[in-house]
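So the structure is just underneath, and the comments pick up after that.
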Amino acid sequence: MLLDELVKTTDAVASTRSRLAKVEALAGLLRRLEPGEIATAVGLLIAKPRQGRVGVGWSGMRSAMGDPADEPTLTVADVDAALDRLLGTAGTGSAAERAATLRTLLSTATEREQAFIAGVLLGELRTGALEGVLTDAVARAGGRPVESVRRAAMLSGDLGGTALVAITGTEEELDAVGLVVGRPVQPMLAATASSVSAALETTGEASVEYKLDGARIQVHRSGEQVRIYTRTLAEVTHRLPEVVDLVRTLPVRDVILDGETLALGEDGAPRPFQETMSRFGADQARSTLLHPWFFDVLHLDGRDLLDEPLATRLGVLERIAPDHRIPGEITADPAVAENVSRQALAAGHEGVVVKAVGSLYAAGRRGSNWIKVKPVLTYDLVVLACEWGSGRRTGMLSNLHLGALDPAGEFGEPGNYVMVGKTFKGLTDELLRWQTERFQEIEVRRTANTVWVEPVTVVEIAIDGVQQSSRYPGGIALRFARVKRYRDDKTPAEADTIQTLRALLRS
Ligand SMILES: Nc1ncnc2c1ncn2[C@@H]1O[C@H](COP(=O)(O)OP(=O)(O)OP(=O)(O)O)[C@@H](O)[C@H]1O
């Protein structure tokens with residue numbers, strides 16, 4: 001199939017508000033694809049190429065962008081082959097070859113196709129909404145129940161592969177797609193409540209657990225083979241040898257564990273989040289040891305546990321890893337739950353997660369069976385620009401301009417970001433160095449004081465609240481904003497919305 005046909009379908013999908021029309025258009029496209037193209041096309045549509053990240057950034061993309069082709073001739077298979085080549089030429093000395101591959105690909109693309117390819121490779125088109133619509137479209141194209149498709153996609157972590165089975169395979173083959181030890185699944189996510197008792201009212205009897213401020217890990221062990229994945233399902237096994245060693249000592253053969261890892265100081269208190277994250281970075285600072293804390297078990301020795309109630313899964317966890325369970329307590333009593341929360345905060349943790357004891361593990365869902373309660377308000381915002389610092393920070397990009405997502409276009413174009421405040425607080429020297437370099441790579445324009453950047457960087461900001469403001473277009477300004485951390489694991493489409501922040505005015 002020509003890439004043009006795929007791109008035109010996405011344009012048609014974007015231009016209608018009717019969910020049914022979107023599903024119809026995508027199902028039609030899926031039916032016209034050759035079997036060999038299905039997984040590739042789905043990957044392109046949701047901006048998660050089959051190949052995973054091929055490592056093309058803004059500056060690489062910009063320098064490879066040349067005159068577009070007049071006529072569409074590129075096929076879906078051509079794009080797939082180019083991505084294979086980009087993935088195959090990694091490492092030192094390969095930069096020129098990679099740039100040439102990208103340049104050739106873009107020079108055969110029309111202007112619209114160039115923008116589409118850039119969006120896919122930079123992860124910009126990635127929106128949860130399209131994934132939902134596409135899941136429905138796969139079900140329709142294959143004549144399968146949506147639930148079966150959704151389940152297979154979540155468990156396999158692979159909508160493209162699921163689409164192929166749903167459209168070309170049998171119903172039994174689709175139902176047989178399940179957990180595979182060694183293949184990561186989308187993690188279950190939490191909703192938010194403002195107090196422990198409010199959370200408990202929603203869940204009923206719950207496991208009230210410490211919310212540790214580290215990095216999510218999903219650990220798969222099959223015999224002696226251990227693999228570890230992040231929240232975004234990137235493999236980080238080689239970065240965490242001490243966790244691998246520990247999991248090998250558990251009295252099990254096959255297991256999938258869900259948990260959080262973080263660095264602890266000698267006194268047992270958590271170290272700043274940056275120290276945990278530095279272990280995931282390229283430089284692999286090994287001075288800090290990471291401890292894993294598990295809060296769920298999805299599979300044990302040939303048996304999937306996703307559809308068992310939480311209480312049962314916690315019982316299994318207690319049996320196989322009693323020393324590495326996240327602290328917590330099962331209770332229906334708000335006073336007991338409050339007490340767990342106070343202990344968590346006193347120990348330097350972020351708050352608690354309140355989980356309904358009867359709930360199943362809903363992979364990839366953010367439902368009300370898990371509810372997080374954090375006393376400090378934190379929001380994920382997008383960096384729009386940054387001002388040069390002064391004094392000790394001269395020569396460093398320091399003061400961040402922060403934007404909240406405006407999905408419906410209440411304050412401008414739908415999907416744009418509305419500025420809600422600035423901050424230079426909470427930035428370590430290391431972060432200042434990092435952002436000074438990074439923001440100039442993604443710069444779009446500058447004045448004497450300020451560098452404006454592509455809105456692609458998600459930063460978690462702690463605030464005391466918001467106040468009314470005539471200075472910013474959304475009518476509100478953040479109060480006492482400070483940087484908690486950069487969130488490389490989130491896309492700008494996952495940022496918090498202006499509507500969420502405005503709701504704070506009322507509370
Ligand atoms: N006991 C726990 N149970 C579940 N998640 C926990 C627990 N302790 C820490 N966490 C972390 O908290 C997160 C739960 O919040 P959520 O699902 O909303 O993820 P998030 O969007 O990354 O949120 P946040 O920014 O608050 O970490 C998990 O992804 C996990 O990394």
Practice prompt. Would you mind finding the one in D464, D488 that is closer than 30 Å to V120 by Cβ and surrounded by fewer than 19 Cβ atoms within 10 Å (Cβ to Cβ)?
Written response: D488
Response to the item:
Going through the range 339-357 in order, the residues found to be surrounded by fewer than 18 Cβ atoms within 10 Å (Cβ to Cβ) and part of a helix (DSSP H, G or I) are N339, R342, Q343, L345, A346
Worksheet item: Within the set of pairs 6+ apart or on separate chains, which have a first residue in the range 324-336 that is among the charged types (D, E, K, R), a second that is outside any strand (DSSP E or B) and buried (at least 16 other Cβ atoms within 10 Å of the Cβ), and C-beta atoms under 7 Å apart?
Response: R325/L317; E329/V340
Worksheet item: Using beta carbons and a limit of 7 Å, which pairs, at least six apart or on different chains, have the first residue in the range 1-30 and touching a residue at least 40 places away in the same chain (Cβ under 8 Å) and the second one loosely packed, with under 15 Cβ neighbours inside 10 Å and hydroxyl-bearing (S, T, Y)?
Response: K22/T16
Worksheet entry | Residue that is touching a residue at least 40 places away in the same chain (Cβ under 8 Å), more than 12 Å from the ligand (Cβ to nearest atom) and assigned by TED's automatic domain parsing to the domain that holds D213, where the choices are G403, G348 | G348
Worksheet item: Within the range 264-271, can one find any residue that is touching a residue at least 40 places away in the same chain (Cβ under 8 Å) and within 28 Å of R433 (Cβ to Cβ)?
Response: yes
Discussion item. Can you pull out every residue in the range 89-108 that is assigned to a loop (DSSP other than H, G, I, E, B) and touching a residue at least 12 places away in the same chain (Cβ under 8 Å)?
Written reply: T89, A90, T108
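Here's the yes/no breakdown for (1) touching a helix residue (DSSP H, G or I) at 6+ places or on another chain (Cβ under 8 Å); (2) in a helix (DSSP H, G or I):
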| residue | (1), (2) |
| --- | --- |
| I228 | yes, no |
| E242 | no, yes |
| L246 | yes, yes |
| L250 | yes, no |
| D258 | no, no |
| T276 | no, yes |
| P292 | yes, no |
| R313 | no, yes |
Worksheet item: Among the residues of the range 445-483, which ones are over 25 Å from the mean Cα position of the chain (by Cα) and among the aliphatic types (A, V, I, L, M)?
Response: A448, V451, V466, I476, A477
Discussion item. Every residue in the range 41-88 that is hydroxyl-bearing (S, T, Y) and either within 24 Å of A153 (Cα to Cα) or assigned to a loop (DSSP other than H, G, I, E, B) (or both), please.
Written reply: T73
Fill in: Wholly enclosed strands (runs of 3 or more DSSP E) of the range 447-507 bearing at least 1 residues more than 16 Å from the ligand (Cβ to nearest atom) and farther than 19 Å from T192 by Cα
450-453, 465-468, 476-479
Practice prompt. Check the range 48-60 and report whether any residue there is of a type in the set (V, I, T) and modelled with pLDDT of 90 or more.
Written response: no
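For every residue, the table says whether it meets (1) within 16 Å of the ligand (Cβ to nearest atom); (2) of a type in the set (A, V, I, L, M); (3) in contact (Cβ under 8 Å) with a residue 60 or more places away in the chain.
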residue	(1), (2), (3)
V357	yes, yes, yes
A362	yes, yes, yes
S368	yes, no, yes
P414	no, no, no
Worksheet item: Which residues, counting only those in the range 451-460, are at pLDDT 95 or above and acidic (D, E)?
Response: E460
Worksheet item: Quick one: would you say A129 is at pLDDT 95 or above and of a type in the set (G, A, S)?
Response: no
Discussion item. If the requirement is being farther than 29 Å from A495 by Cβ and under 23 Å from the mean Cα position of the chain (by Cα), which of these qualifies: G142, G178?
Written reply: G178
Worksheet item: From E318, E387, E308, which residue is more than 12 Å from the ligand (Cβ to nearest atom) and either within 16 Å of E260 (Cβ to Cβ) or assigned to a helix (DSSP H, G or I) (or both)?
Response: E318
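Listed here are the residues, each with its yes/no results for (1) surrounded by fewer than 16 Cβ atoms within 10 Å (Cβ to Cβ); (2) modelled with pLDDT of 95 or more.
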| residue | (1), (2) |
| --- | --- |
| E413 | yes, no |
| M419 | no, yes |
| F424 | no, yes |
| E441 | yes, no |
| N449 | yes, yes |
| S469 | yes, no |
| L478 | no, yes |
| P492 | no, no |
| R502 | no, no |
Discussion item. Which of the numbered conditions does E329 fail, given that it passes all the others? Conditions: (1) out of contact with any Lys or Arg (no Cβ under 6 Å at 6 or more places or on another chain); (2) of a type in the set (D, E, K, R); (3) closer than 27 Å to A206 by Cα; (4) modelled with pLDDT under 95.
Written reply: (4)
Worksheet item: Got a sec? Which of L189, L250, L240 is over 30 Å from R144 (Cβ atoms), in contact (Cβ under 8 Å) with a residue 24 or more places away in the chain and within 16 Å of the ligand (Cβ to nearest atom)?
Response: L240
Worksheet item: Looking at the range 198-218, is at least one residue within 16 Å of the ligand (Cβ to nearest atom) and basic (K, R)?
Response: yes
Practice prompt. Considering each residue of the range 53-79, count those that are loosely packed, with under 12 Cβ neighbours inside 10 Å and of a type in the set (S, T, Y), and give that number.
Written response: 1
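The values are calculated or read from the model by the stated rules, or taken from the named source; none is laboratory data. None of the values given here were measured: they were computed from a predicted structure. All Cβ positions, glycine included, derive from the backbone under ideal geometry; neighbour counts span all protein chains shown.
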